[in-house]
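Engineer: There's a structure below that I have some questions on.
The values are calculated or read from the model by the stated rules, or taken from the named source; none is laboratory data. No experiment lies behind these values; they were computed from the predicted model shown. Cβ sites come from the backbone with ideal geometry, for glycine too, and all protein chains shown count toward neighbours.
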């Protein structure tokens with residue numbers, strides 16, 4: 001288990017960053033008065049998410065592999081982070097929608113219906129905790145694997 005301490009540390013950092021991001025979205029009004037802009041600005045979470053993977057793999061390279069790391073080693077490290085983040089995604093979503101932003105689902109449903117983007121039933125079916133948990137369990141590993149595959153290219157380092 002000790003060999004995975006770095007991955008656990010960075011996965012926890014990722015989860016905390018995600019919760020912090022959700023709080024920032026709430027405080028900036030993206031769950032109420034600026035809900036029409038939410039679908040645009042929420043994508044910017046990719047920036048700190050990628051940064052965490054970069055820092056994590058650099059940390060693994062420096063403090064576990066002694067300054068050198070192959071692509072495969074970096075990819076496996078990123079994969080472990082992704083698995084941990086994915087395992088925590090239902091809890092993260094639950095905390096977000098019940099503690100940080102309990103008004104999000106009612107507000108986004110009203111917005112989607114009022115803007116004629118969805119019918120009431122479509123909005124109810126899409127914007128709910130169960131659906132968001134399922135989406136997180138699918139989206140987290142996909143985005144994590146893509147991020148890992150790319151970041152591992154840039155963080156690998158062979159001995160000279």
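Engineer: Where in the stretch 1-63 are the helices (runs of 4 or more DSSP H), entirely inside, with at least 1 residues that are more than 19 Å from the chain's Cα centre (by Cα), modelled with pLDDT of 95 or more and surrounded by fewer than 18 Cβ atoms within 10 Å (Cβ to Cβ)? Give the derivation first.
Structural biologist: Numbers: elements: 5-27, 38-41, 46-63.
Correct list: 5-27, 46-63.
Engineer: Give just the number: which of (1) free of Cβ contacts under 8 Å to residues at least 60 places away in the same chain; (2) at positive phi; (3) touching a helix residue (DSSP H, G or I) at 6+ places or on another chain (Cβ under 8 Å) does residue 112 not satisfy?
Structural biologist: Condition not satisfied by residue 112: (2).
Engineer: Whether any residue in the stretch 78-99 is closer than 12 Å to residue 155 by Cβ and either out of contact with any strand residue (DSSP E or B) (no Cβ under 8 Å at 6 or more places or on another chain) or without any contact (Cβ under 8 Å) to a residue 40 or more places away in the chain (or both) is what I want to check. Walk me through how you get there before you give the answer.
Structural biologist: Of all residues in the stretch 78-99, those closer than 12 Å to residue 155 by Cβ come to 78.
Applying the additional criterion that residues be either out of contact with any strand residue (DSSP E or B) (no Cβ under 8 Å at 6 or more places or on another chain) or without any contact (Cβ under 8 Å) to a residue 40 or more places away in the chain (or both) yields 78.
Within the stretch 78-99, one or more residues are closer than 12 Å to residue 155 by Cβ and either out of contact with any strand residue (DSSP E or B) (no Cβ under 8 Å at 6 or more places or on another chain) or without any contact (Cβ under 8 Å) to a residue 40 or more places away in the chain (or both).
Engineer: Now a separate question. Identify the residue in the stretch 146-160 that is free of Cβ contacts under 8 Å to residues at least 60 places away in the same chain and more than 15 Å from the chain's Cα centre (by Cα) and, among all such residues, is surrounded by the most Cβ atoms within 10 Å (Cβ to Cβ). First the steps, then the outcome.
Structural biologist: Here is the first cut: in the stretch 146-160, the residues free of Cβ contacts under 8 Å to residues at least 60 places away in the same chain are 146, 150, 160.
Now narrow it down to the ones that are more than 15 Å from the chain's Cα centre (by Cα): 150, 160.
Values: 150: 14, 160: 4.
Selected residue: 150.
Engineer: What single numbered condition from (1) assigned to a loop (DSSP other than H, G, I, E, B); (2) surrounded by 13 or more Cβ atoms within 10 Å (Cβ to Cβ) fails to hold for residue 116?
Structural biologist: Residue 116 satisfies every listed condition except (2).
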